[in-house]
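This report refers to the structure that appears directly beneath it.
Read-outs: derived from the displayed coordinates by stated rules, not from any lab. Everything numeric in this text was worked out from a predicted model, so none of it was measured. Neighbour counts run over all protein chains shown; Cβ positions are idealised from the backbone, glycine included.
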Amino acid sequence: MESSLKSRLFGAWRLVSFDQEAADGRLTYPLGPDVAGLLLYTPGSYMAANLMATGRTTTVNPALYANQDLKCSALDYLAYSGPYTTDEARQLVLHHATVEPRLAWRTASAGRHLRGSHTPRF
């Protein structure tokens, strides 16, 4: 008998892709094609996600630190956490972000499908 989706999630996962699919099936990559990230899932149904773009080629100018760093952080880094639920029939993980600076993300759930060998797909 195959184990449940929820039981296969427990632990730390390395992000391999972060894409969004439009209604017409077209994929976009909000952080670009090269990303790094870590996802944590607990048996108590809580999760945390940290994602960042890895393709930045410039460094932050110390004289402009406050404004430029905030802009780069907002564009190149995502982090959120909260409870999660699973839909076993559709093999879908739903993230319910409660710790998240973007208000729109705190009021909506985001579904994540699995791809390959039990690897969460973003």
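Using a simple spin-label model with points 7 Å from Cα along the Cα→Cβ vector, what separation in nm is obtained for Gln91 and Asp34?
3.1 nm
For labels at Ala79 and Ser7 in the simple 7 Å Cα→Cβ model, what's the distance in nm?
It is 3.3 nm.
Out of residues 5 or more away from Val35 or on other chains, whose amide H comes under 5 Å of its own, with H placed 1.01 Å from N in the peptide plane?
Sorted by chain and number, the residues that satisfy this are Thr54.
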